[in-house]
1. Return the pair list, or none, for Cβ contacts closer than 7 Å from residues in the range 253-269 that are farther than 22 Å from Ser79 by Cα to residues that are polar (S, T, N, Q) and open to solvent by 10 Å² or more (accessible area, probe 1.4 Å), at least 6 apart or on different chains.
2. Quick one: is Leu224 open to solvent by less than 30 Å² (accessible area, probe 1.4 Å), modelled with pLDDT of 95 or more, closer than 16 Å to Ala261 by Cα and outside any loop (DSSP other than H, G, I, E, B)?
3. Can we say Ile216 is in a helix (DSSP H, G or I), touching a helix residue (DSSP H, G or I) at 6+ places or on another chain (Cβ under 8 Å) and closer than 30 Å to Val296 by Cβ?
4. So which pairs qualify, if the first residue must be in the range 212-233 and β-branched (Val, Ile, Thr), the second must be part of a helix (DSSP H, G or I) and open to solvent by 40 Å² or more (accessible area, probe 1.4 Å), the Cβ gap must be under 7 Å, and the two must be at least 6 apart or on different chains?
5. Could you check the range 35-53 and list, in sequence order, the residues that are open to solvent by 30 Å² or more (accessible area, probe 1.4 Å) and not in a loop (DSSP other than H, G, I, E, B)?
6. Collect the residues in the range 263-298 that are open to solvent by 40 Å² or more (accessible area, probe 1.4 Å) and farther than 19 Å from Ser248 by Cα, keeping them in residue-number order.
7. How about the range 172-198: which of its residues are part of a helix (DSSP H, G or I) and over 24 Å from the mean Cα position of the chain (by Cα)?
Amino acid sequence: MIIGAGALATRARLFPVEACDAIMTFAQRFAIPCLLFMAIWRMDLAMDVNPALLASFYCGSAFCFAAGIFGARVIFRRSWEDAVAIGFCALFGNTVLLGLAVVGRAYSDAALSATFTIVAFHALFCYTLGVAAFEFLRDRRDTSGWVVRQIFRSLASNALLIGLVLGLAFNLLGIVLPTLLTDAIDFLASGGIPAALFALGGILTRYRIEGDIGPIIMVCVLSLLVHPAITLMLSTLVLDLGNDLTRSAVVTAAMPPGINAFLFASIYQRAMRIAASSVLIGTLLALFTASFWIAVLP
């Protein structure tokens, strides 16, 4: 509803799309980094950082990435470079803007600790895997190796990662902050998710459903159905995570491609229309698929 409100307000010209860019900048550079900082700072690392939880999520994530690459290459006859960009769409789910919101509303704030653990490794895992695959598979006559450095520079300046790293550092060092400061940070952080969801709706109105429908459907199936199914299987049949961690892991895995999937395609100038359409269609379909996973989970 909040995403739809942003889209309707923008479509009706009650709210300029440029203002959505500004709100998203506020959310991603200030409010949500504060949210992530406070969550990691307050986390009991010995209790919350569960290797089995990470394995259940990221094994499914890596499988969907590989399946997306080979599906795009073998079934849809795309170049290896396009195939990696398409596979990245199936790899990089919207775990922050949608994952935190959906898990928190579906269960409770306590369930968010598992999602925060997943989010803490998400950008680093996905970008490292995506860059490595692209550099390995791309045409070696291309001398644009500087793109790798560009991406890692962007990671180093990513406000979300900075918030996570600072939260981890403060946690490990046992730094205590005054209540006056933590109250202010919490107050700022509380607006991040709703503001970002409203802005996301407005930003999505820029995109059109373009490009090959086959790869788009493949990406949506991998992101919304295959990834959570693998996570559920590993969580219950192999790793025995228990109901609480399983719910958080599966619902987080069921999120659609995020804006970063389009940004990755834009950096390499590959499969950009497919990436944009996958973000748009996947976000719309997630209303139904996320509801399905929440309904079938214990």
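The values are calculated or read from the model by the stated rules, or taken from the named source; none is laboratory data. These numbers were taken from a predicted model, which means no experiment stands behind them. All Cβ positions, even for glycine, are placed from backbone atoms using ideal geometry, and neighbour counts span all protein chains on display. Remember, those area values only see protein heavy atoms, side chains included, never the ligands or the DNA or RNA. Shrake-Rupley method; radii C 1.70, N 1.55, O 1.52, S 1.80 Å.
1. Once the first residue is farther than 22 Å from Ser79 by Cα and sits in the range 253-269, its partners that are polar (S, T, N, Q) and open to solvent by 10 Å² or more (accessible area, probe 1.4 Å) give Ala254/Thr289; Met255/Asn94; Pro256/Asn94; Pro256/Thr283; Gly258/Asn94.
2. yes
3. yes
4. Every condition considered, the pairs that remain are Ile230/Cys59; Ile230/Phe63.
5. The answer is Leu35, Trp41, Arg42, Leu45, Ala46, Met47, Asp48, Pro51.
6. If the condition is that a residue be open to solvent by 40 Å² or more (accessible area, probe 1.4 Å) and farther than 19 Å from Ser248 by Cα, then Leu263, Ile267, Gln269, Arg270, Met272, Arg273, Leu284, Leu285 are the ones that fit.
7. Within the range 172-198, Leu172, Leu173, Thr179, Leu180, Leu181, Thr182, Asp183, Ala184 meet the criteria.
Each row is one residue, and each column tells you yes or no for (1) touching a Ser or Thr at 6+ places or on another chain (Cβ under 8 Å); (2) in contact (Cβ under 8 Å) with a residue 60 or more places away in the chain.
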position	(1), (2)
Phe65	no, yes
Ala90	yes, yes
Arg105	no, no
Ala111	yes, yes
His122	yes, no
Phe125	yes, yes
